[in-house]
Amino acid sequence: MFGRRSLPRPDGRWLYAYRLGTEEYQTLHKLLADAVRATPIQVLSRRNRHFAALFVLYAAEWWRREYDGGPWRWAPILASLQINKDDLAPNERSEVVLTGFSFWGLRPTTGDGKRYFGTVVAHGGLPLKLIGHGGSRLNAVMGTVLRQAARYRWSESQVVDAVADHAHAMPASLRHEEVFRLLATLILTTLDLNDRHQLGGMPDPIGHLDNVEPGWREAYPLQIDDSAAVQLLASMVRAASQTSTEQGAVAVFQVVRSLSCSDVGEWRLESRVVHPAVASADALALQFGLGAASALPRYFEVDVTAGERGALTSGRLLLGSDRATVAFGTQRRRWSGRVACDEHILHLRTAGNDVVEGGVALPGGESLADIEGPWVFVAEGERYRLAGAGDLRLPDAEALVAVAEGSILESLEESAPGSELLGQLHVDSGKTLVLWRVSGSVQISDTNDSWRVRLGQTRKLSGSLVLEGRRAAYSSRPWPVFRGKPHVVRYDDEGARVVLSKGLHWFAAGSRSLIDPARYCGPVELQVFEDDERIGRFRFVLVSAHSSERFLSGTSAEDASVEFTGWGFADLAVESGRAEMGAFRKTAQGHAVTLQVESTPPKDVLVYLRWPESPHELRVWVPFPASGGRAFDVEGTPVLSGSVMSLRHAAGVRVLVFDQNPDQPKKYEVELELRGDPVLGRSDSSLSRRTVPIVKGFAEVRLLDLYGEIEALLSLSSELDARVELRLMVGGKRNFSMSVSRYDVALRPKVMGVALEDEDLRRVQLEQVQGCEVLASPILRPAEAPRVLSQSVSEGAPSGVWSIERLRPEFAPWLVYPAPGSALEFRPLCIGGGIASEDDAATADPLPACALAAAIRLPDAAARLAAIDAVLVAMGDDFDHDSWSMLDGLWSAFGRLPLCSIDTFKVLARRPEIVVAMLFRSELPAAQLGDHVRQLKRQLGMTLELVGITVWRRAIEKFSNAWTQRLGDDLAKLSVPILLKGRLKAVVDELPALQLNMEWLQFECSNEYPPAVLQLQKDIAANRGVHLTRLWQGEDSLLQRLLLRVHADDVAWPEPRFFADKAIRVFVEAVLPVPRMKSQLKLLHSFFWLDNGDFKLSVANVPVLCALWCALDLPLDWWRDPGNRLALQRLRAFDPLWFEGAYQHAFAACIGLALIEPTSARLGGTAPPVEGGPRVHRLPAGTVQRIKEKTK
């Protein structure tokens, strides 16, 4: 077998890639069957390693050739060899599989016997008989996912997820993860062929491939001499060749609405916005009506209005030598209930302003709240996806329909359809729908209208219909406002976009009078027909394409006026609760209204509009144009100048700016300054400024956009009382200010209690005081359940005073802090305690006697911090230190609080090398450790990317030694590599920039070759300095693609002098004492981009500097300065993707250019793997149980 394939031995390839022919398969079957007839299977499995190797090869081939459906079981494979399944016990069978795969240089998925069978499936490839039986369904799934993967440039994991999403359309026997991965391999292989050979638009892509790459079929996990497999491959290649002609004609963002049923039978409607991680820039521009990718900003924010407007994700334009793409950040926004029914509007925003006025409608995101017809849902996995509303034609055999109470369901077929009453869907307090399961085709009627839902149709008429046009930017009810005639666009399930031009019937809303949409102003009903069947209906208000509004400030903040041009309404009224209407007059092109308020101007004013001969009224919320800047919280309540808010509440604040004289605008700036720190509050790094762009006399500053900078400034200070002052400066003078702190209010100790400050008590609402929940825990006994402190009542009202009498003083210090659901976030404080009772004394346990506990109890603050620092340093060197459980307990109990409220965390943030030790020594779950790193980085500015590679190596060595002592040598050899891999993965999940670092450490310690290390090995084999070339040189370099082109229009880059004036000088000073580096200064110089000595140097070079700091094990003392850490945070925040990419390229260059040499450490003496493939971990019976017992 190996001779035919010119192989000296197994090379680690997947088993299907050996391509056994039919004759070889039959010979293999006979060989194994003869062997088991001559020798008992138990003996063969133990004594003949080649039997195990041939058995797994045969099992994989049997799966591909013989499996035709049904449960996944070993019995049919064993029976084909005339082996009774009872003759081979499950543990013996697993041993055969492990041994067999080891021979081939492979490692099966760890787990039970069924999971091992899944590995056989993965190595066998797709089953030919099932492909033959279910080929049409499989073809449809593959074609759909292939087109989506091509459009969105999906990664392997995204393709696997997409295949899984379509599992309901596949044969039941193929609905397993292993098959999903095989199908993903088919798709990605096809797309790779399409890209490499430019198959787009070719009339005969199969023939072209046969000419230029005759062996192209060999890359697929299919038996290529089978007719069904050949047909599947051919259809996929043809589909891939057509994808290039479709690029751009798709929706990047779509809304998915779904129904789910709780365990108690309650139905719930949810919505979410889905989008790929990377998409075509032309497609995004088309969805926003911008024409081409060149009209997109280089980086931007994407918001969604669903009820309230909120942030969805961020995006950036990537300009390479090929077509432009857009990368998006991850997001997990979900809406439910009434908000899920609201229209979902997408907004593109940059520099505080919307790129497209009013946003755009989302496919699948039409308003359901005002639709009178049925909502129709079809099965998709365990949920039901909304297929549409009103008249629909669907291929599904059955569906769920939600209809208004009193609606009538009638069959449209001779045989009555099956129907089942499922219950009710409560949308909100005012609307409840009845939920039915139906099949066949039905007509649904109420007193006003009727709709037809046809199921089991061969031609699908439904799809998501969307109005695309220029929306007015104001919130309006019950319908949106469009400037000029909108287009009707249909999106199918794959996002393909088609503009409809036929079958559009335009009516004046509330009548059957046809209108000319090019000339009409007022409420409109648009009905969409196809083949004489109505497939959609829209209601909206149409105003002139040239309509506009002008907002004018008055002589005082209480007076203003608004001019409407081209709206065509006849009457206007103002809601009297917010403002009073003064004069209402006609102008040459429309109407003008004067507005007046008695005191503080509101955020907006509700106006009512009516058009001639229309029974419908439109409510529109327009901003009140008071001069200068005004702030409003998320509820629209004014925020007074001088207010103090906590960080969590400030995120929803918006500052609206109206320029009284738009023709001669003043300079508007936002200043952020750290206050409340006696040292840092006077430093240059504590102040930042940014310009507020005024567009048409208006601007909006969202504190959500400033959240990162505010948090970074707060992270400068370990003072709990530090705050950030925000100032709106107009022409150099303060116009508005507010302060952002870590908490809402402060508590102060008093006799036998704690109390709100008098000033805070007057400022906050009574309901907030009543809802303020106070907990107390002894810091040195963090595992104890917290005590709930009771608030005293004065004359029936909450007093803002909580008793501490029951807190025992001998357990001091006590930390008093807010409960998770407290209405007020208050400043945590340490107190001594109250009076002990005899019952408490009888049940008292002694306080911990560890070194960390002793340091925490020191009364002097300076001595306490110094002692904690010394203990943490000792813990980093000693994984057996008695304080590790105390440190874990502190994080578990208090990690959600502001970290600067715990002295230990403040010190830890300045010692990232100790955090590395904690990542490997701690017994906290990986999720908690990841959160710990995230909070230290976010709140206190810690940066693990600077920690030297040797620190990581030593921590891993101590980790290995500790587990070896705990488990014993034999068990540790098997278990420690697996445990280490889990810890390294947890680091990468939280700090993606360290992916190559962690995979390199995994390679050093276990001799495994993770993907990043394998790729690195290939890269540097050809050119050891290739990563610096890719980083800096050429039009397609990382510098050009991720940084310079993306930020070409940016004038203000952060920390412009930080690299040249500070960081590079300190770097040189740190390198010179290292003996081996004195001769490498020229090489180190080549790592940096110094061609342009301007304001971009810091952003470009600091990620590289950080990678070198890690690779060369340079001391971290300089980075302990808060100002330097803040500069690093600002540079990273300016472009996180650039920081990660540049850091990884620089670290790879350090390896390629031998600045990092691999160590020869092996965890527990682990044996090297089979050459060319990953290593097999064989765990003896009982291993898992023994690990559990050892780690209790």
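Read the figures in this text as sums done on the coordinates, not as results from a lab. Bear in mind that the values here come from a model prediction, so they are computed numbers and not experimental data. Cβ: placed from backbone, ideal geometry, glycine included. Neighbour counts: every protein chain shown.
General observations
- Shape analysis of region 744-817 yields a ratio of the Cα radius of gyration to the Kirkwood radius, Rg/Rh, of 0.99.
- Set the Cα radius of gyration of region 1-93 against 2.2 N^0.38 Å, with N its number of residues, and you get 1.11.
- Potential lengthening of the chain between ARG196 and CYS261 amounts to 18.8 nm, from the contour at 0.36 nm per residue minus the alpha-carbon distance.
- Stokes-Einstein diffusion coefficient of region 254-361, Kirkwood radius over Cα pairs, 4 °C, 1.567 mPa s, in µm²/s: 87
- At R0 = 35 Å, FRET efficiency that the Cβ-Cβ distance of ASN448 and THR587 yields, to 0.05: 0.35
- Subtracting the Cα-Cα distance of SER885 and SER556 from 0.36 nm times their residue separation leaves 112.1 nm of extension gain.
- The residue list ALA855, LEU1028, ALA866 was ranked by how far each Cα lies along the charge dipole of the chain toward its positive end, using unit charges on Cβ atoms, and LEU1028 comes out on top.
- Order by protection proxy (mean Cβ within 10 Å, highest first), peptides 581-593, 58-70, 6-18: 58-70, 6-18, 581-593
- Packing, taken as the mean count of other beta carbons within 10 Å per residue, orders the peptides 907-913, 71-77 from highest to lowest as 907-913, 71-77.
- Within a straight-line Cα-Cα reach of under 18 Å, LYS696 can be paired with the following aspartates and glutamates, leaving aside sequence neighbours fewer than 8 residues apart in one chain: ASP354, GLU357, GLU549, GLU563, ASP604, ASP659, ASP663, GLU669.
- Cα-centred dipole magnitude for the chain, charges only on beta-carbon of K, R (+1) and D, E (-1), debye, nearest 20: 2460
- ASP1121 paired with CYS830, simple spin-label distance in nm, labels 7 Å along Cα-to-beta-carbon: 2.9
- Between the residues PHE328, LEU106, ALA927, the greatest Cα displacement towards the positive end of the dipole of the chain, with unit charges on the Cβ of Lys, Arg, Asp and Glu, is found for LEU106.
- Residue-span extension gain [SER790 to LEU504] - 0.36 nm each, minus C-alpha spacing: 96.3 nm
- Entries in LYS906/LYS937; LYS1018/LYS1082; LYS431/LYS502; LYS958/LYS985 that, when Cα-Cα distance is taken, lie over 23 Å: LYS1018/LYS1082; LYS431/LYS502
- Virtual spin-label span in nm between ALA870 and ASP531, 7 Å along Cα→Cβ: 8.6
- Spin-label model distance (nm) - ALA927 vs THR330, 7 Å beyond Cα toward Cβ: 1.3
- Hull shadow area, averaged, the chain [alpha-carbon convex hull, nm²]: 54.8
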